[in-house]
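Written below as structure tokens is the structure these notes are about.
Nothing in this text is a laboratory measurement; each read-out follows from the coordinates by a stated rule. All values derive from a computational prediction rather than experimental measurement. Reconstructed Cβ throughout: ideal geometry from the backbone, glycine too, with neighbour counts over all protein chains shown.
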Amino acid sequence: MKINVIAVFPQILDSLNYGVTGTAIEKNILEIQRIDLKDYPLNSYGSIDDKPFAGSEGMIISPIPISKAISLVKNKGKVIYLSPQGKTLNQKKVKELATLNDLTIICGRYEGIDQRIIDEYVDEEISIGDYVLSGGEIAATVLIDSIVRNLPGALGNEKSLTNDSFSDGRLKGHSYTRPRDFEGREVPDELVSGNHEIMKEWKIANSLWVTKQKRPDLFSNLQLSEKEMILLQKYELAQKNLRKGDGWKYSWKVWKRAIKRT
Ligand code: ADE
């Protein structure tokens, strides 16, 4: 996939040279072309912005350097403008964008860009959340990172993708690694039971429970199978039955007790 990024401070995207995205670049799965708007100034002072009409606060990036930058991109593909006024990014949109061969991202700064650029060139305006960043470069980094995870061959283990939160509209749930006992807190017995069925069922139940607790909005959109509903009920029952002192721990004994009761 080739992603063109038009920005005032393209160096901010340097963090993409590390980790999964860095490896994707090395493996030629991802190519990023950065276009620095400062290379196309309006005047000999190097300005790329101008005062807004009707005198509101701040400065607006002029349409002239942006249209020049866009004209330099060979295969633009879909053109995205990152701004807090865009539609909020989610995993469904990320997966859709990951199917494209070419993408062009325009990053705003200051008080934004001239509306005529949006009207003329932009296919989609995207926000990464309901808060305001100082510029679109960090948002572009977030967007690109989330896309790259979904490119074939980008992750060492493709299974981690299906394991990701949101991959099926639910959160991933709790994860543990060694040691089994960390400062008196033990890994749930089910996960070390060695029984694949028990481990699988616990993961499903835990993922549903975590989604319900943390993101009731996502949970209410889930269509659970009968088995999933039973697993969640059992998990919830077991949570209620936790004795004092078990603390957060989801005990295998409690789970077994709960199963017997249902
Ligand atoms: N630029 C500034 N804030 C932003 C946001 N929330 N999302 C995308 N781009 C932005």
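Quick one: Kirkwood hydrodynamic radius for the stretch 90-154, alpha-carbon pairs, angstrom, one decimal?
Every distinct Cα pair counted, the radius reaches 13.0 Å.
Indicate the gyration tensor shape class of the stretch 1-86 (rounded, prolate or oblate), computed on the Cα atoms with a ≥ b ≥ c the square roots of the eigenvalues: a/c under 1.5 is rounded; otherwise a/b larger than b/c is prolate and the rest oblate.
prolate
Determine, for 209, 202, the number of other Cβ atoms within 10 Å of each Cβ, and report the residues in order from fewest to most.
209, 202
Determine which aspartates and glutamates satisfy two conditions relative to residue 212: a Cα distance under 15 Å, and not lying fewer than 8 residues away in the same chain.
Here the aspartates and glutamates satisfying the reach criterion relative to residue 212 are 168, 228, 236.
Please list, by residue number, everything in the stretch 183-212 whose backbone N is under 17 Å from a paramagnetic label point 7 Å out along Cα→Cβ of residue 237.
Once the point is set 7 Å along Cα→Cβ of residue 237, 201-202, 205-206, 209 turn out to lie under 17 Å by backbone N, inside the stretch 183-212.
I need the phi-derived Karplus couplings for the stretch 92-102: 6.51 cos²θ - 1.76 cosθ + 1.60, θ = phi - 60°, integer Hz, Gly and Pro marked x.
Those phi angles translate into 5, 5, 4, 5, 5, 5, 5, 8, 7, 7, 10 Hz.
Considering lysine pairs in the stretch 1-142 that are 8 or more places apart or on different chains, how many have Cα atoms under 19 Å apart?
Close lysine pairs found across the stretch 1-142: 17.
Could you derive backbone 3J(HN,Hα) for the stretch 162-172 from the dihedral phi with the Karplus parameters 6.51, -1.76 and 1.60 (θ = phi - 60°), listing whole Hz in sequence and x where the residue is Gly or Pro?
With the stated coefficients, the stretch 162-172 comes to 5, 7, 4, 4, 6, 4, 10, x, 10, 7, 5 Hz.
Considering the Cα trace of the stretch 18-61, what is its radius of gyration and what is Dmax, both in angstroms?
For the stretch 18-61, the Cα-based Rg and Dmax read 17.6, 49 Å.
For the chain, set up a GNM with springs between Cα atoms under 10 Å and report which of 64, 80, 105 has the largest fluctuation.
With Cα springs under 10 Å in the chain, the top fluctuation among 64, 80, 105 is at 64.
Using only Cα positions of the stretch 130-202, each an equal point scatterer, no hydration layer, compute I(q)/I(0) via Debye at q = 0.16, 0.19 Å⁻¹ and quote the log10 values to two decimals.
-0.84, -0.96
Applying 1/(1 + (r/R0)^6) with R0 = 51 Å to the Cβ-Cβ distance of residue 230 and residue 76, what FRET efficiency is obtained, to the nearest 0.05?
Approximately 0.50, to the nearest 0.05.
What residues qualify as long-range amide H neighbours of residue 125, i.e. H under 5 Å apart, gap of 5 or more or another chain, H built at 1.01 Å from N?
For residue 125, the qualifying residues are 81, 87.
Per-residue HN-Hα couplings for the stretch 121-128, Karplus 6.51 cos²θ - 1.76 cosθ + 1.60 at θ = phi - 60°, whole Hz, x for Gly and Pro?
10, 8, 8, 8, 9, 10, 10, 9
For the chain, what's the relative contact order in percent, using C-alpha pairs closer than 8 Å and at least 6 residues apart?
That works out to 17 percent.
With a Förster radius of 35 Å, plug the Cβ-Cβ distance of residue 116 and residue 157 into 1/(1 + (r/R0)^6) and report the FRET value to the nearest 0.05.
Result of the calculation: an efficiency of 0.15.
Translational diffusion coefficient of the chain at 20 °C, 1.002 mPa s, Stokes-Einstein with Kirkwood Rh over Cα pairs, in µm²/s as a whole number.
For the chosen part, D equals 99 µm²/s.
Enter the mean projected area of the convex hull around the alpha-carbon atoms of the stretch 12-163, in nm², rounded to one decimal. Provide the component values of the computation, followed by the final result.
On the way: hull surface 39.5 nm².
If I average the Cα hull's projected area over directions, I get 9.9 nm².
So how many Å³ per residue does the convex hull of the Cα atoms of the stretch 95-240 work out to?
Working: hull volume 26.8 nm³, N = 146.
Hull volume normalised by residue count: 183 Å³.
Pop out the Kirkwood hydrodynamic radius of the stretch 161-209 from its pairwise C-alpha distances, inverse of mean 1/r, in Å to one decimal.
11.8
With viscosity set to 0.692 mPa s and temperature to 37 °C, compute the Stokes-Einstein D of the stretch 56-126, Rh being the Kirkwood radius across alpha carbon pairs; µm²/s, no decimals. Show your work: numbers first, answer last.
Details: Rh = 13.0 Å.
For the chosen part, D equals 253 µm²/s.
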